[in-house]
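Asks: Sharing a structure below in structure tokens format, with a few things to ask.
The values are calculated or read from the model by the stated rules, or taken from the named source; none is laboratory data. In this text the structure is predicted, and so the values were computed from the model without any measurement. Because the Cβ atoms are built from the backbone with ideal geometry, glycine has one as well, and the counts that use them run over all protein chains shown. Ligands, DNA and RNA are stripped out before the accessible areas are found, and what is left, the full protein with its side chains, is counted by its heavy atoms. Shrake-Rupley method; radii C 1.70, N 1.55, O 1.52, S 1.80 Å.
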Amino acid sequence: AGLPQTVELRLRRSSVHRYHDLKRLDDGEDLNDALLDFFVKLGQAVIPCGGLEGGFPSIAYLGSLFYDVLRKGGVSDGRSGHANVANWARRRLGNGGLFFDGIGALAVPVNETLRDRAGRAAPKEKHWWLALLLNPRAGSKPQGEEDVSLVCLDSVARMEVKSNPPVKALKRGSQAYTVEVASLYRQGFAAFVRFRALGDGSQGALPDPRSARLRANGREWTKPQASLAIDQRGSFGVPGRMEGILEFTLDSEAQTVGDYIFEFGDPGTYAPTLVLTLKREPDKFQKEVTNFLAGYVAKEWEVASVGEGTTSRPRDYSVDRLEGRLCMPDVPQQETANDCGFFILAQILLVLQLTPEGLRVLAGASADKLTALPWPTQKEVTRRKAKLRDAMVAMFETADDMLCDDVDMLLKKSPSLRSKVQAAMWDGPQFAEAVRRLAAASAPKQEFSISELGTMSTKALRTLCAQRGVLPPGMVERSDLLKALIPTTIRAATISDVNGQARGSSPPAGTTNGNSSACASSTKRPNESAGVAPEPPAKQTRLSSQNGEEPHLGNLRFSSEDLETMPLKRLRGLCVQHKCMPSCALERGDFMRALQPFASLESNTAGTARSTPATSGAVSSEVETSSTNSVPKANSCEAEPMMDLAERRAKWARSAGMHLAGVVFELPDLDVMPLKTLRALCVQHKVLPACAVERMDFVRALTALVGVPAPGGQAREPAPASGASTTPSKPEERPRGPTKDPPRRDFSRFLGAAKPKFTTNDLELMPEQTLRTLCIQHGVLPSSGDVGRAELFASLAKIAVPVANA
């Protein structure tokens, strides 16, 4: 009580107002462009993409007004309109723009002025639908290499079938009673039948038109509303005549395309059955949208090619391929007049959970296959709207408590708020699973040998698993992907290679006894049996340390060195066995640190011998004990010239958790660094690759920075010497040097005060976020669109306390 209310929430260049926008989430209200932009960016922040949160979104979204601005000025096509939005893609998506490998689709809300059946525009009848441009990069690739398509997701589909001459049926037992149907028109969840019924009065009055029935796709609808131009039912001896339109109210889940059967009067009264078939065809406006977006993407490709200054990149973009792939799936229809914006939002939230590979699968799918996906219905959209309102109220309340209007900061500081917002926008991976099944059903069943799988990159294996619908959940290693693929892709003739050698063949060269031969056979990898390039040294060590029969984890003894070479699955299993599973564990280092207290000086994980990758097969049976370790020496993480891979790995493992300012690394260090350290160095050098999937993504980003001190401090942060203990040091034991950040200033005494207590000197030291909070608190927030630090400072300086009175 007494805290100032947050009037506006900010999120990545979008904002929503507490009073103007929040009421738009009530029943009967339209979703405005500010809420649509805000919720899409919020979904990009919290919806897991491919099972991972916080990564680079696979859906490019350039704003709800993008298409209107593209057409601004009466331009004739998308190439001409590109100048209106020339920098939008690169400013929001980075240098790669729409053609970055991590982008699988471009979502474009389209605002259309509806027209009546005569083609006349109704300026007050506006309707939103979603144009989803799938795999925009494919237009620049050779024909057949990748697919590109534009999917029209319209919750108020409009289509009509006319019959000339009209289809006709006769009343049983009389040729003088006829019924004719001239057209069937479908708009959204309603169907309109234009009919004419005649009778000469010999069998009494014509049937009541409200008793007519309409059947389609195994469902039946009755009790239509009649709008009759001629209503003369007649009677015995009096001819009858009726002409007009019957309106049938369907529902959101009723498909629009297919055969419609119309029955006039009681069932079986007229014969033959009157059947009309509706087909979904693009109208003039939808073709125009396709033409504009194709021209825009082609021009964007040309500009990007010139900007990169490369001659190897093709300069032509196939506009015809995109215009020929306008796909119109039969999605659920809205049952209200004001939910089109919420349907767009619900559709975007669904596709946000797809990976770029999943979206490229959809680019090659037919309209019938896209129709089979679980698109949102009216009931689901209504529930989503209520959840979004509750989440919005919770965000404003949390902002009041924390005195912060930055949604990214609120979600970071309040896990409970993040969970509530995520539950409001994401119901689980059901849609992604449906796309995965679609990919598995539509992918060509190409068979591979074990040697071919062994030569594939991990990213290619992951893509193949996604296409076959066998991608293991959670964090997976290369071996997990191979195990999942072998039952579905291996040719029968090569199954014998799984054990490393064909039945009846001689033992591998170099074995001296039966035991060693069995061990070699059980650990041989698919790529080794084919004579291709061997696995990396770290994996060779891990594989060579396995015996033919693995001991139970409860009896497994391990040392600190064993933890560095164990597979991730075994580390996780040991944490479960020892009841030390770390919360929110993401990387190997998290499990290794949890298992350090249980490590012993001897191990039974590798038999009697351990091979060291850096010694080219040299065997060492001695285990280094902690008594031989010296006190950690304060030196930098710069590698010593004579240091082998094992020493480098141990050194970087001991440096986990330390500040990286000033750290220098060499090229061999990148092969042994923990993944978390690689990521942290990318962040420190500001070269973090977007949508990084593999370890090599980070290594490639850091290769150019070998020998360059990490920014953030004048001196390099000390790290343990090569012989130091593997136990991470406590924060208070770390050496303090000039790289320590200065203490943060506390401005909380100015927040919540009824009157200003700050001076202009205080304002100069405050961050922009605090200035904005004070402006909101004291009601002096500038009303202009783009408000920066200078504008906030100028507004607060007018009410600041003079320095002499402070």
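Asks: Restricting attention to the stretch 232-274, which residues are open to solvent by 50 Å² or more (accessible area, probe 1.4 Å) and among the β-branched types (Val, Ile, Thr)?
Replies: Matches in the stretch 232-274: Val238, Thr249, Thr273.
Asks: Continuing with this model, one more query. Those residues that are under 41 Å from the mean Cα position of the chain (by Cα) and open to solvent by 50 Å² or more (accessible area, probe 1.4 Å), I need them from the stretch 205-231; list them, please.
Replies: Arg215, Asn217, Gly218, Arg219, Glu220
Asks: Within the stretch 331-380, can you find the residues that are surrounded by fewer than 21 Cβ atoms within 10 Å (Cβ to Cβ), of a type in the set (Asp, Glu) and not in a helix (DSSP H, G or I)?
Replies: Glu335
Asks: How many residues does the stretch 386-397 hold that are touching a residue at least 40 places away in the same chain (Cβ under 8 Å) and either of a type in the set (Ser, Thr, Tyr) or open to solvent by less than 10 Å² (accessible area, probe 1.4 Å) (or both)?
Replies: The number of residues fulfilling the criteria is 4.
Asks: Among the residues of the stretch 177-194, are any surrounded by 19 or more Cβ atoms within 10 Å (Cβ to Cβ), in a loop (DSSP other than H, G, I, E, B) and at positive phi?
Replies: yes
Asks: Kindly check whether there is at least one residue in the stretch 706-717 that is within 36 Å of the chain's Cα centre (by Cα), part of a helix (DSSP H, G or I) and at pLDDT 80 or above.
Replies: no
Asks: I'm told Gly74 meets every condition in (1) at pLDDT 90 or above; (2) at positive phi; (3) not basic (Lys, Arg) except one. Can you identify the failing condition by its number?
Replies: Failed condition: (1).
Asks: Considering Leu228, Leu198, Leu214, Leu206, which residue is part of a strand (DSSP E or B) and either out of contact with any Asp or Glu (no Cβ under 9 Å at 6 or more places or on another chain) or without any contact (Cβ under 8 Å) to a residue 40 or more places away in the chain (or both)?
Replies: Leu228
Asks: For the stretch 416-447, give me the residue count where each residue is within 19 Å of Phe342 (Cα to Cα), open to solvent by less than 10 Å² (accessible area, probe 1.4 Å) and either of a type in the set (A, V, I, L, M) or touching a Cys at 6+ places or on another chain (Cβ under 8 Å) (or both).
Replies: 3
Asks: Let me ask something else. Looking at Thr726, Thr773, can you tell me which residue is at pLDDT 80 or above and either farther than 30 Å from Leu98 by Cα or part of a loop (DSSP other than H, G, I, E, B) (or both)?
Replies: Just one listed residue meets the conditions, Thr773.
Yes/no per residue for (1) under 18 Å from Glu253 (Cβ atoms); (2) more than 22 Å from the chain's Cα centre (by Cα); (3) modelled with pLDDT under 90; (4) not β-branched (Val, Ile, Thr):
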{"residue": "Tyr317", "(1), (2), (3), (4)": "no, yes, yes, yes"}
{"residue": "Asp320", "(1), (2), (3), (4)": "no, yes, yes, yes"}
{"residue": "Leu326", "(1), (2), (3), (4)": "no, yes, no, yes"}
{"residue": "Asp330", "(1), (2), (3), (4)": "yes, yes, no, yes"}
{"residue": "Asn338", "(1), (2), (3), (4)": "no, yes, yes, yes"}
{"residue": "Ala346", "(1), (2), (3), (4)": "yes, no, no, yes"}
{"residue": "Leu349", "(1), (2), (3), (4)": "no, no, no, yes"}
{"residue": "Thr355", "(1), (2), (3), (4)": "no, no, yes, no"}
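Asks: Return yes or no: is Gln255 in a loop (DSSP other than H, G, I, E, B), out of contact with any helix residue (DSSP H, G or I) (no Cβ under 7 Å at 6 or more places or on another chain) and without any contact (Cβ under 8 Å) to a residue 60 or more places away in the chain?
Replies: Answer is no for this residue.
Asks: Name the residue, out of Pro165, Pro142, that is free of Cβ contacts under 8 Å to residues at least 60 places away in the same chain, over 30 Å from Arg360 (Cα atoms) and surrounded by fewer than 18 Cβ atoms within 10 Å (Cβ to Cβ).
Replies: Residue meeting the stated conditions: Pro165.
Asks: Considering each of Ser58, Ser64 in turn, give the residue that is of a type in the set (S, T, N, Q), at pLDDT 90 or above and closer than 27 Å to Lys412 by Cα.
Replies: Among Ser58, Ser64, only Ser64 is of a type in the set (S, T, N, Q), at pLDDT 90 or above and closer than 27 Å to Lys412 by Cα.
Asks: Of all helices (runs of 4 or more DSSP H) completely enclosed by the stretch 398-490, which ones contain at least 3 residues that are closer than 18 Å to Pro356 by Cα and either touching a residue at least 40 places away in the same chain (Cβ under 8 Å) or of a type in the set (Asp, Glu) (or both)?
Replies: Passing ranges, in order: 430-442, 458-468.
Asks: Which residue out of Arg115, Arg120 is modelled with pLDDT under 85 and touching a strand residue (DSSP E or B) at 6+ places or on another chain (Cβ under 6 Å)?
Replies: Arg115
Asks: Every residue in the stretch 71-94 that is open to solvent by 40 Å² or more (accessible area, probe 1.4 Å), of a type outside the set (Lys, Arg) and in contact (Cβ under 8 Å) with a residue 40 or more places away in the chain, please.
Replies: Across the stretch 71-94, the qualifying residues are Asp77, Ser80.
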